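K.L.:
Here's a structure for you.
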Amino acid sequence: MGAPSARTYEHARHWVSLGHHVTVITGFPNHPTGIIRPEYRGYRIKRENIDGIDVLRTWVYVTPNKGFAKRILNFLSFLVSSLFFGATRTDRPDVVIGTSPQFFSAVSAYLLSVVKGVPFIFEVRDIWPQSAIELGALRNRLAIRILEWIENRLYRKARLIVGVAESTRDYLLAKGIPSHRIAIIPNGVDADFLSSEPTRAVTMPSELENKFIVSYIGTHGMSHALDVVLRAAKQLESDPEIHFLFVGEGAEKENLLELARKLELRNVTFLPEQPRESLIAFYKSSDVSLVPLRKLPIFSKVLPSKIFELMGTGTAIICSVEGEAANLVKNANAGLAIAPENTEALVAAITQLKTSPELLTRFRQSGHRFVFENYLRSNLAQSYLQSIESAIQIGQKARSGNPMTSES
């Protein structure tokens with residue numbers, strides 16, 4: 001469930017199709033509810049083959065995606081179990097890739113690369129712990145110093161650092177990381193996923209029939225400022241044609257449900273987490289879909305993965321994220337970019353799109369064309385693979401004593 005697993009799965013599946021052997025070490029499916037799916041209960045370790053990918057699932061302490069202390073226990077439990085079983089249940093690979101967040105996955109990957117004696121690749125999807133600090137989830141000064149030390153240590157030890165957003169490159173360069181050790185591989189769309197059919201029929205709630213649907217589909221977390229969306233729904237309740245749809249789970253969902261009750265909203269529907277293959281139906285049923293984040297400096301450096309899937313399904317976007325994400329939506333002509341955490345701007349954007357069907361159609365068509373021309377996951381996976389192979393070759397030359405390719 002979620003963008004990190006989709007990115008890993010789609011890259012790995014493509015690498016397998018090219019003849020490579022890929023092992024993914026992960027936990028048992030439980031995010032974000034903290035409830036392990038029934039078919040995985042009772043296992044400490046389980047091995048699966050998914051589309052040719054060797055999947056090794058290891059024990060984790062499960063907890064809902066809320067509460068800082070319990071989440072840290074969840075992270076640390078996976079660090080220990082993935083390192084132990086990765087060391088004892090896998091053959092020596094050519095390279096180990098750690099993807100973060102969560103942060104301790106990358107720590108485990110680095111330690112495993114040391115045990116196996118192979119290069120470590122650090123994939124940075126979100127800059128951590130900086131994002132946790134800006135969100136207010138991490139305030140202990142000692143903990144911050146320790147985590148920042150680990151962060152910098154991982155940067156120094158990685159043969160290659162793979163970022164998702166271009167602004168990550170600037171952040172890493174400012175940290176003193178040489179440019180030849182940085183690659184940017186953004187998120188994208190998987191053509192096979194977009195053309196797939198759900199394994200079971202998706203039934204939309206009856207209250208959505210003949211409505212102008214404004215959706216938010218994804219994690220209901222503290223990063224997303226979804227209370228702003230509910231306040232916008234309150235301002236728009238005088239228009240009976242507009243209905244808001246929330247799909248997903250997360251740490252803030254209970255608070256959002258309570259706020260919806262307090263505001264007495266009748267134009268909002270909440271649905272639980274849906275299977276990934278069903279999300280396409282929800283994307284396509286939406287007249288416009290929201291990509292919101294809080295107004296924090298760290299979020300100007302991110303590219304939410306749902307932007308690409310929304311464009312891929314021809315869904316118009318309202319992006320309330322500053323920086324690189326807003327620029328992408330503008331460049332693709334895929335929707336409107338507005339200020340984050342601004343209820344009035346959101347109300348105005350929804351009203352504009354509802355009353356401008358020609359503009360809505362243009363956004364849908366332009367976004368779809370743009371993402372297929374520039375962000376196909378198969379092409380991005382190939383670029384990722386080439387970056388890994390180049391980094392390994394440079395490292396080999398450095399160890400052979402070639403001063404032109406030595407790493408700093």
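What follows is calculated from the coordinates using simple rules that are stated; it is not laboratory data. Please read all numbers here as calculations on a predicted model, not as lab measurements. In this analysis, Cβ positions are derived from the backbone assuming ideal geometry, glycine residues included, and neighbour counts consider all displayed protein chains.
K.L.:
Can you tell me the length gained on complete extension of the stretch Thr355 to Asn140, counting 0.36 nm per residue apart and subtracting the Cα distance?
P.N.:
Values: separation 215, 0.36 × 215 = 77.40 nm, distance 4.85 nm.
Extra length from Thr355 to Asn140 when fully extended: 72.5 nm.
K.L.:
Here's a follow-up. Please count, across region 192-374, the pairs of lysine residues with Cα atoms under 20 Å apart that sit 8 or more places apart or on different chains.
P.N.:
For region 192-374, qualifying lysine pairs total 16.
K.L.:
Against the empirical 2.2 N^0.38 Å scaling, what ratio does the C-alpha Rg of the chain come to? Before the final figure, lay out each step's value.
P.N.:
Working: Rg = 21.6 Å, N = 408, 2.2 N^0.38 = 21.6 Å.
Cα Rg divided by the expected 2.2 N^0.38 Å: 1.00.
K.L.:
Relative to the longest principal axis of the chain, what angle (0 to 90°, nearest 10) does the C-alpha long axis of helix 377-399 take?
P.N.:
Between the helix axis and the principal axis of the chain, the angle is about 20 degrees.
K.L.:
Below 27 Å, Cα to Cα, which lysines can Lys116 reach? Residues fewer than 8 away in the same chain don't count.
P.N.:
Excluding near neighbours in sequence, the set is Lys46, Lys157, Lys397.
K.L.:
Could you work out the relative contact order of region 192-374? I mean the mean sequence separation of Cα pairs under 8 Å and 6+ apart, divided by the number of residues, in percent.
P.N.:
Relative contact order comes out at 21 percent.
K.L.:
Explain nothing, just the number: relative contact order of the chain, from Cα pairs under 8 Å at least 6 residues apart, as a whole percent. Mind dumping the intermediate values first?
P.N.:
Values: 698 pairs, mean separation 56.8, N = 408.
Relative contact order, the chain: 14 percent.
K.L.:
For the Cα atoms of the chain, what angle does the longest principal axis make with the long axis of helix 343-354, in degrees from 0 to 90, nearest 10?
P.N.:
The angle comes out at about 70 degrees.
K.L.:
Where does each of 269-278, 161-170 land if you order them by average Cβ count within 10 Å, highest first?
P.N.:
Working: 269-278: 15.6, 161-170: 20.0.
Highest to lowest by the protection proxy: 161-170, 269-278.
K.L.:
Count the DSSP beta bridges whose two residues both fall in the chain, then state the antiparallel fraction as a percent rounded to the nearest 5. Intermediate values should be presented prior to the final figure.
P.N.:
Values: 6 of 43 bridges.
If we restrict to bridges inside the chain, about 15 percent are antiparallel.
K.L.:
I would also like to ask the following. Where does helix 68-89 land angle-wise versus the long Cα axis of the chain, in degrees 0 to 90, nearest 10?
P.N.:
In the chain, helix 68-89 runs at an angle near 40 degrees to the longest axis.
K.L.:
Quick check: Cα centre of region 265-336 to Cα centre of region 20-34, how many Å?
P.N.:
24
K.L.:
Between rounded, prolate and oblate, where does region 192-374 land on the alpha carbon gyration tensor, with a ≥ b ≥ c its root eigenvalues, rounded for a/c under 1.5, else prolate if a/b exceeds b/c?
P.N.:
Working: a/c = 1.29, a/b = 1.11, b/c = 1.16.
Rounded, because the longest to shortest axis ratio a/c is under 1.5.
K.L.:
Which cross-chain or sequence-distant (5 or more) residues have an amide H under 5 Å from the amide H of Gly250, H modelled 1.01 Å from N in plane?
P.N.:
So Gly250 has HN proximity to His220.
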